[in-house]
1. Would you point out the residue of segment 89-129, among those that are surrounded by fewer than 16 Cβ atoms within 10 Å (Cβ to Cβ) and of a type outside the set (A, V, I, L, M, F, W, C), that is nearest to TYR253 (Cα to Cα)?
2. Hey, any hits in segment 223-239 for a residue that's hydrophobic (A, V, I, L, M, F, W, C), buried (at least 17 other Cβ atoms within 10 Å of the Cβ), assigned by TED's automatic domain parsing to the domain that holds VAL183 and within 13 Å of ligand 2 (Cβ to nearest atom)?
3. Do you know which residues across segment 91-108 are over 19 Å from SER43 (Cα atoms) and either in a helix (DSSP H, G or I) or basic (Lys, Arg) (or both)?
4. I'd like the residue in segment 323-333 that is under 20 Å from CYS290 (Cα atoms) and either out of contact with any Lys or Arg (no Cβ under 6 Å at 6 or more places or on another chain) or of a type in the set (A, V, I, L, M, F, W, C) (or both) and, out of all such residues, is nearest to ligand 2 (Cβ to nearest atom).
5. Can you find a residue in segment 339-353 that is within 22 Å of GLU62 (Cβ to Cβ), within 16 Å of ligand 1 (Cβ to nearest atom) and touching a helix residue (DSSP H, G or I) at 6+ places or on another chain (Cβ under 7 Å)?
6. Under the condition of being of a type in the set (Asp, Glu) and within 16 Å of ligand 1 (Cβ to nearest atom), which residue from segment 1-54 is nearest to HIS129 (Cα to Cα)?
7. Does ASP335 fit the bill of being under 19 Å from GLU250 (Cβ atoms), within 16 Å of ligand 1 (Cβ to nearest atom) and not aromatic (Phe, Trp, Tyr)?
8. Every residue in segment 248-285 that is more than 16 Å from ligand 1 (Cβ to nearest atom), surrounded by fewer than 24 Cβ atoms within 10 Å (Cβ to Cβ) and closer than 23 Å to LEU220 by Cβ, please.
Amino acid sequence: MKSVTIKDIKYHVIALPLVELLKTSFGAEPYKSAIIIEVVTESGLTGWGETALKTKPSYGAETVLTALHITRDFLIPKLIGKTISSPTEVHALVESVRGNHHAHAGIESAIWDVLAKANDMRLADYFAHHLPEGHTPRDSIVAGVSIGIQDTIEEQIAIIKKRVDEGYKRIKLKIAPGWDIEVAQAVREHFPDIMLMLDANSAYTLEDTEHLKKLDQFNLIMIEQPLSYDDIYEHSKLQPQIETPICLDESIYSAHDWQIALALGAGKILNLKPTRVGGYAESLKLYELCVENDNPLWVGGMLETGIGRAANVAFASLPGVTLPSDISATNRYFDPDITEPPFVLNDDSTLSVPDGIGIGVDVQRDRIEEAKALWNENNPFTPLWDK
Ligand code: OSB
Ligand code: MG
């Protein structure tokens, strides 16, 4: 396999208008924000990665600006001039920079892209190349769609209908205290058979156990992160008391965390967000762990632009990803995105894996410039970001 020598790493802080906001138990941000990472090699290749983050430390501890600091002042200086033959070598070069998984993931994913390109491979095949034999990527991934908290139940039903009519077979709804049982009840009256799941984004405590038990009647495929963002132990107390399988998101930062969760019985399903676990090398470890333990697996999202989404599509094409992912068509997120062509929902509720090498989508530099300008105009400390 060919190696690359890193000549330069550039970063672009962007804000991109969202077609539909995603209001969670911790609120909604007016734009999608991210740091787009561009790795340039001595031989003139370019790899792209995305540090997907919010502007507030609401989902996890990192924000766009903490990631900018870590990326610019710690990670990039450790990587310039380094020759790398596999992205799995990146961890050892930067492990002295603790935590900050989203920042790590953005750079690491750009290195995955550039090394796949150097070796003339699609990213999906390059991921499979880092697994034991037999994990041949599929041509498409099963899409799901994540829908935010609405003002009224009528609006909630209307937006679900729109998504079901577009062809989405798996719907995820955000819930919070005061927006849960009645919503699930109404949704099941209108859509008795859709694959439905709820995401609480850490909005409940163990004291809500009796309340959460009421969700068991709605035939949910799972409930995502009902308890604290940093908890595993209390989830292990909740899971035996409810029938709905618990899926962990916020509280799983590594394969080690998932081993703890499995040992304690804290959940049955993993929302694997490559950005949250520090990148695709750790994602592959989690993937292997889930395959070994027969855990259902799906790939989560952070409203990624086409750059992060293309890499997540490649990862979700691996056969151990057994449930629909939080990866939707481009038109659910952006118009236009910063990459071409858009991801389009196929009739069977899937998205096709791009044929091109690396992430397989073309980055539109003019749109990155526009999105950088929008970020600069909407500094996160203006009131706009307090919505
Ligand atoms: O909890 O899964 C979540 C987006 C930002 C932060 C947290 C979450 C989400 C999503 C979006 O649910 C899923 C997607 O990218 O489509
Ligand atoms: Mg979640």
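1. GLY99
2. Yes - at least one qualifying residue is present in segment 223-239.
3. Quick first cut of segment 91-108, residues over 19 Å from SER43 (Cα atoms) only: 91-106.
Matches in segment 91-108: HIS91, ALA92, LEU93, VAL94, ARG98, HIS101, HIS102, ALA103, HIS104, ALA105, GLY106.
4. Applying the first criterion (under 20 Å from CYS290 (Cα atoms)) to segment 323-333 yields 323-327.
Filter again for either out of contact with any Lys or Arg (no Cβ under 6 Å at 6 or more places or on another chain) or of a type in the set (A, V, I, L, M, F, W, C) (or both), leaving 323, 325-327.
Values: LEU323: 14, SER325: 12, ASP326: 8, ILE327: 13 Å.
Residue satisfying both the conditions and the ranking: ASP326.
5. Of segment 339-353, the ones within 22 Å of GLU62 (Cβ to Cβ) are none.
The answer is no, given that none of the residues of segment 339-353 is within 22 Å of GLU62 (Cβ to Cβ), within 16 Å of ligand 1 (Cβ to nearest atom) and touching a helix residue (DSSP H, G or I) at 6+ places or on another chain (Cβ under 7 Å).
6. From segment 1-54, those of a type in the set (Asp, Glu) are 8, 20, 29, 38, 42, 50; that's our starting set.
Those left that are additionally within 16 Å of ligand 1 (Cβ to nearest atom): 20, 29, 50.
Working: GLU20: 37, GLU29: 38, GLU50: 22 Å.
Among residues in segment 1-54 that are of a type in the set (Asp, Glu) and within 16 Å of ligand 1 (Cβ to nearest atom), the one nearest to HIS129 (Cα to Cα) is GLU50.
7. Details: under 19 Å from GLU250 (Cβ atoms): no; within 16 Å of ligand 1 (Cβ to nearest atom): yes; not aromatic (Phe, Trp, Tyr): yes.
No.
8. ALA261, LEU262, LEU264, GLY265, LYS268 - these are the residues of segment 248-285 that are more than 16 Å from ligand 1 (Cβ to nearest atom), surrounded by fewer than 24 Cβ atoms within 10 Å (Cβ to Cβ) and closer than 23 Å to LEU220 by Cβ.
The values are calculated or read from the model by the stated rules, or taken from the named source; none is laboratory data. This is a predicted model, so every value here is computed, not measured. Every residue, glycine as well, gets a Cβ built from its backbone with ideal geometry; the counts of neighbours run over all protein chains shown.
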